[in-house]
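Have a look at the structure below, then the notes.
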Amino acid sequence: QVQLVESGGGLVQPGESLRLSCAASGSIFNIYTMGWHRQAPGNERELVASITSRGSTKYVDSVKGRFTISRDNAKNTVYLQMNSLKPEDTAVYYCNADISSQETYTIRGYWGQGTQVTVSS
């Protein structure tokens, strides 16, 4: 069984920062690409940032220069440092990872439960 557990969401004012964390646990054989998605009320879920196992990153245009994704492979953890937050960043943020388990060695996508980020004055 593989699980992703997120932490770090909350309520902040515009211009402030937050750091999200997502730890993978369970019968993991290997972790490939990890990413953060978000979904605001009435909107579709969108990919915010992703990072490969070798550290290559991608960002949606709206967060470039403000958000940084990173990972600690020893801890099976991915982070999202969010600076200069704006009200339009308000959403539920979900962690996602492509993982092969020790049971099947088949790669499949896993999702965390989501963490709320609210940016408001």
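Around E16, under 15 Å between beta carbons, what's the net of Lys plus Arg minus Asp minus Glu among the other residues?
After counting each charged neighbour, the total is +1.
Accessible area per residue, 1.4 Å probe, Å², for the chain: what's the number?
54
Could you work out how far the C-alpha centroid of region 11-46 sits from that of region 76-101, in angstrom?
With region 11-46 and region 76-101 each reduced to a Cα centre, they are spaced 2 Å.
Hey, got the dipole for the chain? About the Cα centre, +1 on K and R Cβ, -1 on D and E Cβ, debye to the nearest 20?
Value, rounded to 20: 240 debye.
Tally up the carbon and sulfur contribution to the accessible surface of the chain as a whole percent, 1.4 Å probe, everything protein left in place.
45
How charged is the neighbourhood of G109? Take every other residue with its Cβ under 14 Å from the Cβ of G109, and add Lys/Arg as +1 and Asp/Glu as -1.
For residues surrounding G109, the net value is +1.
What net charge is computed for the residues neighbouring N83, neighbours being all others with C-beta under 14 Å from the C-beta of N83, Lys and Arg scored +1, Asp and Glu -1?
Computed value for this residue: +2.
Near K64, which aspartates and glutamates are there with a Cα under 17 Å away, not counting those fewer than 8 places off in the same chain?
Those aspartates and glutamates meeting the cut-off are E16, E46, E88, D89.
If you take the alpha carbon radius of gyration of the chain and divide it by 2.2 N^0.38 Å, what ratio comes out, to two decimals?
Ratio of Rg to 2.2 N^0.38 Å for the chain: 1.04.
Which one, S56, S21, S100, has the greatest fluctuation when you compute a Gaussian network model over the chain with C-alpha springs under 10 angstrom?
S56
The values are calculated or read from the model by the stated rules, or taken from the named source; none is laboratory data. Predicted model, so just to flag it, every value in this text is computed and none were measured. Cβ coordinates were reconstructed from backbone atoms using ideal geometry, including for glycine residues, and neighbour counts include every protein chain displayed. When the accessible area is computed, the model is the full protein with side chains, heavy atoms only, and any ligands, DNA or RNA have been set aside. Shrake-Rupley method; radii C 1.70, N 1.55, O 1.52, S 1.80 Å.
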